[in-house]
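The values are calculated or read from the model by the stated rules, or taken from the named source; none is laboratory data. Keep in mind the model is a prediction, meaning the values are calculated, not measured. Every residue, glycine as well, gets a Cβ built from its backbone with ideal geometry; the counts of neighbours run over all protein chains shown. Please note that ligands, DNA and RNA were not included when accessible areas were found on the heavy atoms of the full protein model with its side chains. Shrake-Rupley method; radii C 1.70, N 1.55, O 1.52, S 1.80 Å.
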Amino acid sequence: MSGSEAPSFETLTRPCVRSVTPYLPGKPIAEVQRELGIRRVIKLASNENPLGPSPKAVAAARRALRQTHLYPEGASPLLRRALARELGILEYQVLIGNGSDEIIRLLCEAFLSPEDEAVVSQRGFIRFKQQSLLMGARVIEVPMRDWTHDLEAMARSVGPKTKLMFVASPNNPTGTYNTRDQVKRFLESVPSSVLVVLDEAYCHYAACRSDYPDSVREFFPGRRNLAILRTFSKAYGLAGLRVGYGIADAELVGWLDRIRMPFNVNLVGQWAALAAVEDRVFLRRSVAANRRGGRSLSTQLRRLGLQPGDSGTNFLFLRSPIPGNRLFQELLRSGVIVRPLDEYGLTHHVRISIGTPAQNGLLVSALKKALTLS
Ligand SMILES: Cc1ncc(COP(=O)(O)O)c(C=O)c1O
């Protein structure tokens, strides 16, 4: 090969890199405005908080901006301490990540080699599969039951090579959750040599359900093979700052701490998240607004003949009468961004975040138009 010839990066990349299909994020508002030349665009595609961030978090972020010539504290110690206090655990049992997405990645990097297996649910949050594949591990995908993680079947699929099991409860994109009894039985049946990752990104919205467990208090104590993931991106309204956290055995936190980027969580994010933890009023308001919005939007969708599933989250999962991607395109023309689910193999379903009453109204009008035209 002469020096000027361009290398084929496809052949140079590790084979497992080629096996990863890219994550498709919700389409950004600015992109739709540019492409379609429309000004009024709403995004109901990424399960962000329609109330915005907590005003106290914004004030803390503003103050922190004056310090941005400095590196942040690497291990986010103040935030770890605040969360530990809030959750009744030790700060050494908390790891802060660049979104909980980073912690999914760290877990896969720490545990999975090509000879290992990870167990996921077929319609579970897709990042579990993508990150496991990136490590070259074999991914066992267990079918769901009633759009919910089938924990009994997942437990049965554990083999000698299984190292990680991922459960999102509530799950994205289906919005369903596993009950206290289901999770308890599952944790009791999984061998202690397998790490169970319980992703609770949407736990604040499900907490009002009497059969949704308070996993940190009910399951975490004394269970070294359980890691719980949570995020500031949803009910706390800080998706843009990228802060999430893991709750795990102190030794495991130590291993993950060793392989994370030295300054993985930026300074503004750390301060804003700290203020957000303390703003309990905002959190309650977000959850209550979501509950009201979800009920009202579900009723309006049913009037259109649609059947959103029961959701323990801030989004609705529903079957579309036309291909989901077509519905997405039609709604875009009215300036409403929703999420088609082809990457999950669901060609006739969409996921729609619950917005403010005004946003939900725009969505319903756009849906009427899209469904009568098609
Ligand atoms: C189930 C689930 N887990 C994890 C994440 C990642 O969240 P973040 O990286 O913003 O903390 C998401 C984001 O949508 C999610 O839906």
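What relative contact order, as a whole-number percentage, does the chain give when Cα pairs under 8 Å and 6 or more residues apart are counted?
23 percent
Per-residue HN-Hα couplings for the range 196-201, Karplus 6.51 cos²θ - 1.76 cosθ + 1.60 at θ = phi - 60°, whole Hz, x for Gly and Pro?
Residue by residue, the range 196-201 yields 9, 9, 9, 8, 10, 4 Hz.
Can you show me the helix-derived [θ] at 222 nm for the chain, built from DSSP H runs with n ≥ 4 at -39,500 (n - 2.57) apiece and divided by the number of residues, rounded to the nearest 500.
Using -39500 (n - 2.57) per qualifying helix, the result is -12000 deg cm²/dmol.
What is the set of long-range amide H partners of PHE315 at a cut-off below 5 Å, with H atoms built 1.01 Å from backbone N?
Excluding prolines and chain starts, which carry no amide H, the hits are ILE354.
Taking LYS56 as the anchor, which aspartates and glutamates have their alpha carbon closer than 12 Å to its alpha carbon, excluding any fewer than eight residues away along the same chain?
Reachable aspartates and glutamates: GLU278, ASP279.
Would you pull out the residues with amide H under 5 Å of ILE42's amide H, same chain only if 5 or more places away, H placed 1.01 Å from N?
The list, which skips near neighbours in sequence, is VAL336, ILE337.
How many percent of the accessible area of the range 55-279 is carbon or sulfur, using a 1.4 Å probe?
Within the range 55-279, the accessible surface is 52 percent carbon and sulfur.
Taking the Cα centroid of the range 30-73 and of the range 348-374, what is the distance between the two, rounded to the nearest whole Å?
Taking the Cα centre of the range 348-374 as reference, the centre of the range 30-73 is 23 Å away.
Per residue of the range 74-91, in order, report the coupling 6.51 cos²θ - 1.76 cosθ + 1.60 (Karplus, θ = phi - 60°) as ³J(HN,Hα) in whole Hz, putting x for Gly and Pro.
x, 9, 6, x, 5, 5, 4, 5, 5, 5, 4, 5, 4, 9, x, 10, 8, 5
Straight distance only, please: which aspartates and glutamates reach the Cα of LYS27 with their own Cα at less than 17 Å, same-chain residues fewer than 8 apart left out?
Result set, ordered by chain and number: GLU35, GLU48, GLU330, ASP342, GLU343.
Cα-Cα over 20 Å: which of LYS234/LYS369; LYS43/LYS369; LYS43/LYS368? Don't jump to the answer; show the numbers that get you there.
Working: LYS234/LYS369 29 Å; LYS43/LYS369 18 Å; LYS43/LYS368 18 Å.
Table pairs above 20 Å Cα-Cα are LYS234/LYS369.
Given the peptides 245-258, 340-353, 15-28, arrange them by the average over their residues of other C-beta atoms within 10 Å, most packed first.
340-353, 245-258, 15-28
Can you say what percent of the DSSP beta bridges in the range 271-374, counting only those with both residues inside, are antiparallel? Round to 5.
Given both bridge residues lie in the range 271-374, the antiparallel proportion sits at roughly 100 percent.
So which aspartates and glutamates pass the test for LYS163, namely a Cα distance under 15 Å, with those fewer than 8 places away in the same chain ruled out?
GLU109, GLU115, ASP116, GLU117, GLU141
Which semi-axis lengths, in whole Å and largest first, follow from the square roots of five times the eigenvalues of the Cα gyration tensor of the chain?
For the chain, the ellipsoid semi-axes come out as 31, 26, 24 Å.
Of all DSSP beta bridges in the range 55-279, what percent run antiparallel (nearest 5)?
Antiparallel: roughly 35 percent of the beta bridges in the range 55-279.
Averaged per residue, what accessible surface does the chain expose to a 1.4 Å probe, in Å²?
47 Å²
Return the sequence-ordered ³J(HN,Hα) values of the range 157-171 in whole Hz as given by the Karplus equation 6.51 cos²θ - 1.76 cosθ + 1.60 applied to θ = phi - 60°, using x for Gly and Pro.
Working through the residues one at a time gives 8, 5, x, x, 9, 6, 10, 10, 10, 10, 10, 9, 9, x, 9 Hz.
What residues have an amide H closer than 5 Å to that of GLY97, excluding those fewer than 5 places away on the same chain, when H is modeled at 1.01 Å from N in the peptide plane?
GLY244, TYR245, GLY246
For the range 1-155, what class follows from the C-alpha gyration tensor (a ≥ b ≥ c being the square roots of its eigenvalues): rounded when a/c is under 1.5, otherwise prolate if a/b is larger than b/c, else oblate?
Rounded is the answer for the range 1-155, as its axis ratio a/c remains below 1.5.
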